[in-house]
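Novice: Attaching a single structure in structure tokens format; questions to follow.
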Amino acid sequence: MHVGLLVEPRTDIVDYTNEAIMSPEEQAWKVDPYFSTPVILGHKVALWTPTAPGEHSLMAYQTSAGGPVRTVTVNPATPLGPVCLVTP
């Protein structure tokens, strides 16, 4: 059954620095290179885990024309077992 409000165009998110993990897409792409988490009610959800401090530029896009880019600064973190503490 197709519900117009719940099915929207595919949207992907990329970190230009290539110093991050985008889950669950990266694990799924090993099996299906066209996998994308759904866009629901205009919102795309991705688990973004930066693997290095500094500026990261993220872009959400639906076509090769690109989309809006936002830059965020990730502070250094202190590893503490399975988690990291990030300084403000």
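None of the figures in this text is laboratory data; all of them are computed from the coordinates on show. Being a predicted model, the structure only gives us computed values, none of them experimental. Heads up, the Cβs are rebuilt from the backbone with ideal geometry, glycines too, and the neighbour counts pull from every protein chain shown.
Novice: Take the Cβ-Cβ distance between ALA52 and LYS30 as r, set R0 to 25 Å, and report the resulting FRET efficiency rounded to the nearest 0.05.
Specialist: It comes to 0.65.
Novice: As a check on your grasp of the helix formula, calculate [θ] at 222 nm for the chain: sum -39500 (n - 2.57) over DSSP H runs of n ≥ 4, divide by the residue count, round to the nearest 500.
Specialist: Helix contribution divided over all residues of the chain: -1000 deg cm²/dmol.
Novice: Oh, and also: Give or take rounding to whole Å, what are the principal axis extents of the alpha carbon atoms in the chain, in descending order?
Specialist: So the three principal-axis extents are 47, 27, 23 Å.
Novice: Tell me, what ³J(HN,Hα) does each residue in segment 35-41 have, in order and in whole Hz, if you take phi through Karplus 6.51 cos²θ - 1.76 cosθ + 1.60 with θ = phi - 60° and put x for Gly and Pro?
Specialist: 5, 8, 5, x, 9, 10, 6
Novice: Highest mean first, what order results for 34-42, 13-21 on Cβ atoms within 10 Å?
Specialist: Result, highest mean Cβ count within 10 Å first: 13-21, 34-42.
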